[in-house]
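A short write-up of the structure that comes next.
Just so it is clear, none of the values below were taken in a lab; they were calculated from the coordinates. Quick caveat: nothing in here was measured; it's all calculated off a predicted structure. Please note: Cβ atoms are built from the backbone with ideal geometry, for glycine as well, and neighbour counts cover all protein chains shown.
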Amino acid sequence: MTAAIAADIAPNHSTERAKVSTMLTPNFYRTDYAAIDAFDVEPIRAEWNALMKEFSDDKNGDHFDRDEGFGREVTELPPALKEEFIEFLISSCTSEFSGCVLYAELKRRAKNPDMADLFGYMARDESRHANFINQSLKDFGLGVDLGFLKQAKKYKYFEPKFIMYATYLSEKIGYARYITIHRELERHPERRFHPIFKWFEQWCNDEYRHGEAFALMMSAKPELLEGRNKLWIRFFLLAVYATMFVRDHTRPELHKAFGLDPTEYDFQVFRITSECTKQIFPFTLDIDHPAFRAGLERLCRLQKTVDAAKAEGGVMGAIKRAGCAVAAVATFAGLYMLPVVRHAKLPQVRMQAVW
Ligand SMILES: [Fe+2]
Ligand SMILES: [Fe+2]
């Protein structure tokens with residue numbers, strides 16, 4: 001198995017792919033570490049301490065150990081599914097490791113004991129997640145060199161409030177993605193084509209808890225949720241949803257293997273994420289608006305045209321790509337202008353993971 005797969009994808013292929021930074025691939029971030037370290041959790045001390053207790057209890061402490069049957073359960077996959085599955089693993093591993101690197105750096109620089117606790121726990125979890133996925137890539141002879149990636153990957157600077165919105169959303173959408181796949185495979189165990197999916201249920205609880213920490217932090221600083229910042233929240237919601245939608249539609253074989261239509265899967269993930277974000281954001285995107293779905297589908301078509309134009313190359317290819325970029329910005333702007341769904345403030349921030 002490993003030799004056959006390693007032979008048709010060159011060594012370091014996965015590290016090279018993980019290193020690429022585009023709109024659709026996971027990015028690495030740096031920020032104003034001192035500003036985040038200055039975060040005061042006193043207004044939410046009781047909820048904060050309860051959450052830190054959950055982190056220190058570490059219920060998933062031994063969850064990310066592979067059992068003996070793991071390796072034996074890895075079977076040969078049809079080539080198209082194999083290619084998409086490996087790409088899914090590389091992208092997921094990079095995304096988990098991106099969180100690990102950011103949280104570890106926040107922990108390393110922390111002078112505030114509350115922030116040191118939080119980011120220490122979250123770096124611990126994300127390191128387990130990234131390494132667990134990477135073990136599966138290594139089974140294929142395609143492990144990502146995470147040490148090299150940390151050095152070689154480009155880092156984007158995000159100011160602290162953008163880190164809050166983006167990481168909060170990526171944790172909650174990560175939860176929604178893992179739980180949706182888990183529920184589908186729970187109903188149809190015959191579709192579980194790789195053992196890693198057996199780990200998703202407990203795994204997603206870590207992501208959910210990480211999101212809870214950011215929700216509490218934002219609730220302690222309500223100005224992050226008011227005024228012009230609402231425009232940024234809207235932007236990040238749409239950017240995260242649209243990116244996921246376009247990326248997932250490049251993986252038809254993977255979704256077919258799950259028995260999930262990518263559009264229906266993504267809308268289920270949107271629904272769960274929207275329910276989660278009601279805990280803190282004053283509105284959700286109107287995901288049931290017909291123009292919302294139509295806009296996302298247009299972004300997918302544009303992406304396909306871009307991919308074809310890239311393959312074509314030359315002047316014509318470049319002109320087509322430029323045209324698509326303009327059309328994508330206009331489509332995104334149209335989606336951004338759609339009305340949002342406002343809701344009343346919930347009595348408390350913490351929410352149970354009930355999905
Ligand atoms: Fe994670
Ligand atoms: Fe996480």
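A few notes on this one:
- Backbone geometry of the range 15-25 corresponds, through the Karplus equation with coefficients 6.51, -1.76 and 1.60 at θ = phi - 60°, to 3J(HN,Hα) couplings of 5, 4, 5, 5, 6, 5, 10, 9, 4, 9, 9 Hz, x marking Gly and Pro.
- The phi torsions of the range 267-282, fed into the Karplus equation with coefficients 6.51, -1.76 and 1.60 and a -60° offset, translate into couplings of 5, 5, 5, 4, 4, 5, 4, 4, 4, 4, 6, 5, 5, 9, 7, x Hz, rounded to whole numbers, with Gly and Pro shown as x.
- Size descriptor, Kirkwood hydrodynamic radius, that averages inverse alpha-carbon separations across the chain, Å: 21.4
- For Asn12, distant residues with modelled amide H under 5 Å away: none
- Subset of Lys59/Lys156; Lys107/Lys154; Lys161/Lys345 violating a 25 Å alpha-carbon distance limit: Lys59/Lys156
- Whole-Hz ³J(HN,Hα) from phi, Karplus 6.51 cos²θ - 1.76 cosθ + 1.60, for the range 97-107, glycine and proline x: 5, 4, x, 4, 5, 5, 5, 5, 5, 5, 5
- Computed [θ] at 222 nm, helices only, for the chain once each DSSP H run of length n ≥ 4 contributes -39500 (n - 2.57): -22500 deg cm²/dmol
- Placed amide H near Phe28: partners under 5 Å, 5+ positions off or other chain: Lys156
- Signed unit charges on C-beta, dipole axis of the chain, positive-most listed residue Ala80, Leu346, Phe258: Leu346
- Under the shape rule built on the C-alpha gyration tensor, where the axes satisfy a ≥ b ≥ c, the range 162-309 is oblate, since a/c reaches at least 1.5 while a/b does not exceed b/c.
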